[in-house]
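As C-alpha cells, the structure follows; a few thoughts come after it.
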Amino acid sequence: TLTLLKEKLESKRISVNGSVQIGKLQGKKKIFSISHSIDSIVYRANKESDNLCAENLLKIIAAERNSIPAVADSGIQLEKNYFASIGIDTAKIVIADGSGVSDYNLVSANHLIQLLQAMYNDKKNYSTFFVSLPIAGLDGTLKNRMKNSSAEKNVFAKTGTKKGINCLAGYAKKKNGEQLAFAVLINHFYGEPKVLRGAIDKFIIEMISE
C-alpha cells in the first residue's frame, strides 16, 4: 500500500523523500484519510464480485463493533451472531473468510435461502442489498448471461465461481410478478465452466416461466 501511494504521488510530480518503511514510529501524524460509503463498497463487492471488497467488509465489521486493528476472526463471529439471529444453525456452517474463496467454507442452499428471506424482510437494509446485486443480461457478473430470455432484467443474483464450482443465489421475478428467492450450488465439476453456467441459466429461466 505504501509503495503504491509513493508511486501515485510521484506520478503526479509530488516528490517523496526517503524510503518506504514499516514499523512502529513515535509521533505519528495523520496527514489524510480516504473513505467510501458502505453502500458503495457493498455495491462493488456484489456487482463486480470484488473479493478484496468482501474481505475488507469483514474487517470493517470487526473494527466498527469490536476493536482496531480489525481481526478477521472477530468479523466472522459477528457474522455468525447475525446468522443465528435469523434462525440459521451456525453449528452446520463454516465461515473461513469474507469473500467465500477459501475451500474451507461450508454452507448449504437452504442457508442462503434463509439469508435472502431475512434480507427481503429487513425494511432498513433490503434496498441497499437488492440494488447491489447483478442483473441478468444488464450489468455486473450477469451482464452477458440470460440475455434475450424471460430472465433478462428479472433475475438479481450474486455469482460464486471457482475451479469446479459454480453458484448463483438471489431473487427472481416470475411472469405473474411473484418474487422468488433461490440458490443453486454446484461443486466438484471438472468440465468447462460454461456448461455449468448454461445449466444454471436454463434452470432459472424455466423456474420463472412457470
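Observations on the structure shown:
- Once the mean of 1/r is taken over each pair of separate Cα atoms and inverted, the range 42-118 shows a Kirkwood hydrodynamic radius of 13.0 Å.
- Rounded FRET efficiency, nearest 0.05, which uses the C-beta distance separating Ile113 from Tyr190 and R0 of 30 Å: 0.65
- Cβ-Cβ FRET estimate between Lys123 and Phe32, R0 fixed at 41 Å, reported to 0.05: 0.65
- Estimated inter-spin distance, Asn17 and Phe203, nm [label 7 Å along Cα→Cβ]: 6.3
- Label-to-label distance, nm, for residues given as Leu138 and Leu4 (7 Å Cα→Cβ offset): 3.0
- For the range 128-210, the share of accessible area belonging to carbon and sulfur comes to 54 percent (1.4 Å probe, ligands and nucleic acids excluded).
- Under 14 Å, Cβ to Cβ, from Leu58 - net charge with Lys/Arg +1 and Asp/Glu -1: -3
- For the chain, the longest principal axis of the C-alpha atoms and the axis of helix 2-11 are separated by about 80°.
- With 5 Å bins from 0: P(r) over the range 102-155, alpha-carbon pairs, percent: 4, 19, 15, 16, 24, 16, 5, 0
- For the chain, the mean residue ellipticity at 222 nm estimated from helices alone is -12500 deg cm²/dmol, where every DSSP H run of n ≥ 4 contributes -39500 (n - 2.57) and the total is divided by all residues, rounded to the nearest 500.
- Distant alpha-carbon pairs in the range 113-194 (separation over 18 angstrom), percent: 46
- Tail beyond 19 Å, pair distance distribution of the range 1-146 (Cα, percent): 67
- Candidate cross-link partners of Lys163 among the lysines, defined by an alpha-carbon separation under 22 Å and a same-chain spacing of 8 or more, comprise Lys47, Lys143, Lys194, Lys202.
- Estimated dipole of the range 124-163 in Debye, rounded to 20 [Cβ of Lys and Arg +1, of Asp and Glu -1, Cα centre]: 200
- Positive minus negative residues near Lys202 (Lys, Arg vs Asp, Glu; Cβ under 13 Å): +1
- Principal-axis tilt of helix 109-120 within the chain, Cα atoms, nearest 10 degrees: 80
- Highest-first arrangement of 90-96, 164-170, 54-60, where packing means the average Cβ count within 10 Å: 164-170, 54-60, 90-96
The values are calculated or read from the model by the stated rules, or taken from the named source; none is laboratory data. Every value quoted in this text rests on a predicted model; they were computed, and no experiment measured them. So basically every Cβ, Gly included, is an ideal-geometry build from the backbone, and we count neighbours across all protein chains shown. Protein only, heavy atoms only, side chains kept; ligands, DNA and RNA dropped before computing areas. Shrake-Rupley method; radii C 1.70, N 1.55, O 1.52, S 1.80 Å.
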